[in-house]
Amino acid sequence: MKQENLVIIGSGPAGWTAGIYASRANLNPVVFAGQMPGGLLTQTTEVENFPGFPDGINGFDLMDAMQKQAEKFHTRIEYDFIESVIFSDGGKQVLKTQSGTEIEARAVIIATGAAPRWPGIPSEAKFRNHGLSACATCDGAFYRNVPVAVIGGGDSAMEEATFLTRFASKVFVVHRRHELRASKIMAERAMSNPKIEFVWDSVAEEILGDRAVQGLRVKNVQTGILTDLAVEGIFAAMGHVPNTAIFRDRIALDEKGFVKLEGATSLTSCRGVFAAGDCADPRYRQAITAAAMGCRAAIDAERYLAG
Ligand code: NDP
């Protein structure tokens, strides 16, 4: 069995930041890059809200720069996928990779991210990140003076719809029920915004357009009637699914599968196992907050390993 000091699972902003801090602290970390090296940001286009880049930076380039910075301090990288784990409170952590390698680690940082929930309709793959986005904060400013649609009825959908009214000429909120899941205050703010129109009891049926989005066909689930909304951008705000399936029954997760942390730390329910980024953050889900959580996790791991 391979021995490691610190294994970091995941190579998004949380994973690489943990790598930078841990390698500078001489913890000799290894990052398992996972199924999508670089994480969700490699799927976006321009990142305009990461501090330090006044002209914006391509998501892929940002992740490449983070990786290079981690490697500069000798963070090692394995292009493999952790398939299963057996955690022991304060003991040795055992991990098995897809390629069959077994690893025993003194400490582990989980930074496996979360995947946005997509509508699951034909033509979705074609437009994903090219007209169909899961992040209004990231992509909203690209839709100035054109109509857009937001799918979902939770706080994210209300927040994104309200945010999008700064740019878009009109925002349709397409929700599958006639009652919002969102908190009262967020719902009221969205409902009183004259630029927002609610499309109730409706689900996305098809994205219209050849190369660019030209509309969203929605189906009323009560009447079956199809309506085409003339929009140029579509935002999925249907919640996120944390990538934590392999940790179920190994550490405490909340009811939606996000890793439960001890207060404002990176400590999980198992000593020696830490978590950072979107897999442990149902609320903010930004590159910068994930990076900050990666920093915390490396510092917590350093203290744990020193103890
Ligand atoms: P939620 O899980 O709260 O809401 C997801 C929404 O998407 C629901 O309205 C749900 O419909 C809908 N949905 C889910 N799956 C489908 C589907 N297959 N087809 C159609 N619609 C679907 O996720 P959010 O991201 O909105 O919020 C996550 C957490 O973050 C919450 O706790 C929220 O309060 C918090 N948050 C807080 C904010 C704030 O306070 N400023 C801002 C943003 C998020 P249905 O209602 O029918 O289930």
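Every read-out reported here was derived from the displayed coordinates using simple, explicitly stated rules and does not represent laboratory data. As the structure is a prediction and not an experimental result, all values here were calculated from the model. Cβ placement follows ideal geometry from the backbone for every residue including glycine, while neighbour counts extend to all protein chains displayed.
Label point of Asp201 set 7 angstrom out along Cα-Cβ; within the range 218-249, amide nitrogens under 14 Å from it belong to 219-227. Within the chain, antiparallel bridges make up roughly 45 percent of the DSSP beta bridges whose residues both belong there. Between the amide H of Ile109 and those of Val7, Ile8, Ile9, Phe274, distances stay under 5 Å, these residues lying 5 or more places away or on another chain, with hydrogens modeled in the peptide plane. Taking 7 Å steps out from each Cα toward its Cβ at Gln214 and Glu262 produces label points 5.8 nm apart.
Judged by the mean number of other Cβ atoms found within 10 Å, the most tightly packed of the peptides 279-289, 9-19, 152-162 leads the ranking 9-19, 152-162, 279-289. Compared with the dominant Cα axis of the chain, that is its longest principal axis, helix 155-164 is turned about 60°. Between Thr223 and Val146, full extension at 0.36 nm per residue minus the direct alpha carbon distance yields a gain of 24.9 nm. Extension gain, Val241 to Gln98, is 49.3 nm, computed as 0.36 nm per intervening residue step minus the present C-alpha separation. For the chain, modelled as a GNM whose springs connect Cα atoms under 10 angstrom apart, the maximal fluctuation among Ala114, Ala70, Ala252 occurs at Ala252. Each label point was placed 7 Å from the Cα along the Cα-to-Cβ direction; for Asp64 and Arg117 their separation is 3.5 nm.
The relative contact order of the chain comes to 21 percent, based on Cα pairs under 8 Å that sit 6 or more residues apart. Residues in the range 67-74 carry Karplus couplings, in order, of 4, 4, 5, 5, 5, 4, 9, 6 Hz; the curve used is 6.51 cos²θ - 1.76 cosθ + 1.60 with θ = phi - 60°, and Gly or Pro positions show x. Could you tell me which residue out of Leu226, Pro147, Phe163 lies farthest along the dipole of the range 118-236 toward its positive end? Charges go on the beta carbon: Lys and Arg +1, Asp and Glu -1, centred on the Cα centre. Positive-end residue among those listed: Phe163. Counting only cysteine Cβ atoms and a cutoff under 4.7 Å, the chain contains unmatched residues Cys270, Cys279, Cys295.
Give the calculated FRET efficiency between Ala306 and His130 to the nearest 0.05, with a Förster radius of 51 Å applied to their Cβ-Cβ distance. Calculated transfer efficiency: 0.60. For the range 8-126, the square roots a ≥ b ≥ c of the C-alpha gyration tensor eigenvalues yield an a/c of 1.5 or more together with a/b not exceeding b/c, which makes the shape oblate. Based on the alpha-carbon gyration tensor of the range 118-236 and its eigenvalue square roots a ≥ b ≥ c, which shape applies: rounded if a/c is under 1.5, prolate if not and a/b is larger than b/c, or oblate? Since a/c reaches 1.5 but b/c is at least a/b, the shape of the range 118-236 is classed as oblate. Less than 5 angstrom separates the built amide H of Gly215 from those of Leu208, Val231, all sequence-distant by 5 or more or on a different chain.
Rounded to the nearest 500, the helix-only mean residue ellipticity at 222 nm of the chain stands at -7000 deg cm²/dmol, with each DSSP H run of n ≥ 4 adding -39,500 (n - 2.57).
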